[in-house]
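Here's the structure we're looking at; comments come further down.
What follows draws every value from the coordinates through simple rules; no lab data is involved. Given the structure is predicted, the values throughout are model-derived calculations rather than measurements. Glycine also receives a Cβ, built like all others from the backbone with ideal geometry; neighbour counts cover every protein chain displayed.
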Amino acid sequence: MTAYVIAAVMGVAGGFIAALAGVGGGIIFVPALALVLGLTQVVAEATSLLAIVPVAILGTWQQRRTGDVHLRDAVIIGLGSIVTAVLAALVADALPQNVLRILFAVFMVFIAIRIWRGAERDAGADTPTAHRKP
């Protein structure tokens with residue numbers, strides 16, 4: 001029972017943080033599932049993927065109502081993702097847990113660097129230009 005409560009709290013907190021920070025929930029959920037609930041890396045990743053389904057459906061429904069969904073682009077991305085998701089799941093099952101965790105960590109560091117650089121670039125764009133004296 002405690003694991004269900006922890007998982008529910010992680011879902012609420014992770015969803016809030018992911019939405020607030022504009023990151024995919026998997027970046028938060030996979031480490032939390034592995035470290036807090038003690039799931040293996042493969043099980044944590046698979047669980048996170050399944051958890052995305054209702055969120056994606058509800059989020060898409062809401063965004064569709066406001067006209068923010070580009071249906072053609074979404075279908076193209078979705079169809080391409082089906083094949084690669086199946087192949088990646090097979091690879092994840094075949095890799096040793098420690099290798100999979102290292103690959104996930106490297107991916108997270110790469111994403112963190114990209115976000116950091118984007119934040120620096122955005123901060124530079126927000127800096128007011130120096131006023132020139134006539």
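Tell me, Ser81, Ser48 in order of fewest to most beta-carbon neighbours within 10 Å?
Going from sparsest to densest Cβ surroundings: Ser81, Ser48.
Add -39500 (n - 2.57) for each DSSP H run of 4 or more in the chain, then divide by its residues: what number comes out at 222 nm, to the nearest 500 deg cm²/dmol?
-28500 deg cm²/dmol
Using the crude model of +1 on Lys and Arg Cβ and -1 on Asp and Glu Cβ, and no other charge, please compute the dipole size for the range 25-134 relative to its Cα centre, in debye to 20.
It comes to approximately 420 debye.
Ranked highest first by the average count of other Cβ atoms within 10 Å around their residues, in what order do 11-20, 38-47, 84-93, 66-75 fall?
Taking the mean over residues of other Cβ atoms within 10 Å, the ranking is 38-47, 11-20, 84-93, 66-75.
Consider the candidate values [x] -0.74; [y] -0.50; [z] -0.82; state which one is log10 I(q)/I(0) by the Debye sum over Cα atoms at q = 0.13 Å⁻¹ computed from the structure displayed.
Checking each listed value against the structure points to [x].
For Leu39, what residues show an amide H to amide H distance below 5 Å, using hydrogens built from the backbone and excluding near sequence neighbours?
Long-range HN contacts for Leu39: Ala34.
Could you tell me which helices of the chain pass both thresholds, a Cα extent of 20 Å or more along their own axis and a mean Kyte-Doolittle hydropathy of at least 1.6, with helices taken as whole DSSP H runs?
2-21, 71-94
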